[in-house]
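Worksheet: the structure to be examined is printed underneath.
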Amino acid sequence: MSRIIMGIESSCDETGVGLVRLHDDGTVELLADEVASSVEQHARFGGVVPEVASRAHLEAMVPTTERAFATAGLSLSDVDAIAVTAGPGLAGALLVGVSAAKAYATALDVPLYGVNHLAGHIAVDTLQHGPLPTPCLALLVSGGHTQLLRVDDIASEITELGSTVDDAAGEAYDKVARVLGLPYPGGPPIDKAAKNGDPAAIAFPRGMTGPRDAKNDFSFSGLKTSVARWVEGAGRRGEEIPVDDVAASFQEAVADVLTMKAVRAAKELGIGTIVISGGVAANSRLSSLAAERCAAAGIELRVPRPRLCTDNGAMIAALGAHVVAAKRPTAPLDFSADPALPV
Ligand code: KG4
Ligand code: ZN
């Protein structure tokens, strides 16, 4: 008998409620994916304000849940298990989702699972491309995280191979957008501007690619500073800033390092599949360069559609389904969110 899993996400600025059907053969089908974002409330601050995010989650949780059930044509009593993001993320924001999940699980008398947000970003791919071949390599690139992960079992065995030592890739996009006078979040406007620019116009640095640097770690703060200095210098000389060229050159530097390191790690480990997820996976140059380099190396590339790459409840429901299928232990009702939960 198939089971309905509800997923709740509230780790940052997106309130997400997803519903999936776990079939007996282990496949997971997407039924609803409703997201309410508070991004516009944060835009004038140039980044997410935790208190504003928490309040927005409180206001959006019930209406978003109602929309998800309406979309799926289901009612709360159809739910067989609930999964919620336990971390990592903003403490106050996480607590809203965890409290809601506990309330629903208690009222419905169904098992509750506290799951990892980062694993959710990978699990979501199964909704689009089917079961994950394992082992696989995941490149997780978002506003809060930049990590290279080895996945042996999506429900229980994910190992961090490397991560950023300073800014996340998305954070670098947001900061560079600010320097260029583009709106927040910076990824989409930089992606758009870069289409009209020359990626070879300015040779921005590729962080952590020296012979003595950790192979699987990343650094974007030097790149960000270098872009800021370049723009300042041009301003001081009274030159007009070639926004499109700066955007394209910056974007090329980010995509170059991310894809080079992911493909190298996969080759060295003998892994045949790379999954790229997180908000920055929506970047057009990242996916085209990854496709080129994976094809050359004989590696299968999976990139979920942009809607699934950014934070949502469907990714938590998908991970919840894999956790249920693997018969992992449920969370006790007194479990708490962990803002620094490791993968
Ligand atoms: O995964 P996500 O929605 O939230 C976090 O967990 O952080 O990622 C948001 C990040 C932002 O920094 C945003 O600028 C970036 O993803 N982003 C992009 C693009 N679309 C969103 N970065 C580059 N290119 C894009 N097209
Ligand atoms: Zn995320």
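The values are calculated or read from the model by the stated rules, or taken from the named source; none is laboratory data. Bear in mind that the values here come from a model prediction, so they are computed numbers and not experimental data. In this analysis, Cβ positions are derived from the backbone assuming ideal geometry, glycine residues included, and neighbour counts consider all displayed protein chains.
Things to note:
- Flag for Ala101 being free of Cβ contacts under 8 Å to residues at least 40 places away in the same chain and within 28 Å of Gly130 (Cβ to Cβ): no
Residues are listed down the side, and each one gets a yes or a no for (1) within 16 Å of ligand 1 (Cβ to nearest atom); (2) in contact (Cβ under 8 Å) with a residue 12 or more places away in the chain; (3) closer than 20 Å to Asn116 by Cα:
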| site | (1), (2), (3) |
| --- | --- |
| Thr273 | no, yes, no |
| Asn283 | yes, yes, no |
| Gly298 | no, yes, no |
| Asn312 | yes, yes, yes |
| Ala318 | yes, yes, yes |
| Asp334 | no, no, yes |
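- Among (1) within 13 Å of ligand 2 (Cβ to nearest atom); (2) in a strand (DSSP E or B) - the single one Asp311 does not satisfy: (2)
- Test for Ser142: is it among the small types (Gly, Ala, Ser), away from ligand 2 (no atom under 16 Å from the Cβ) and either closer than 23 Å to Asp13 by Cα or out of contact with any helix residue (DSSP H, G or I) (no Cβ under 9 Å at 6 or more places or on another chain) (or both): no
- Counting only strands (runs of 3 or more DSSP E) that fall entirely inside segment 1-92 and contain at least 2 residues that are of a type in the set (Phe, Trp, Tyr) and out of contact with any His (no Cβ under 7 Å at 6 or more places or on another chain), no element qualifies.
- Considering Pro342, Pro306, the condition of being under 18 Å from the mean Cα position of the chain (by Cα) and either crowded, with 20+ Cβ neighbours inside 10 Å or touching a residue at least 40 places away in the same chain (Cβ under 8 Å) (or both) is satisfied by Pro342 alone.
- Screening segment 128-166 for residues that are in a strand (DSSP E or B) and acidic (Asp, Glu) and picking the one that is modelled with the lowest pLDDT gives Glu157.
- For Ala265, the requirement of being outside any loop (DSSP other than H, G, I, E, B) and under 24 Å from Gly120 (Cα atoms) is met.
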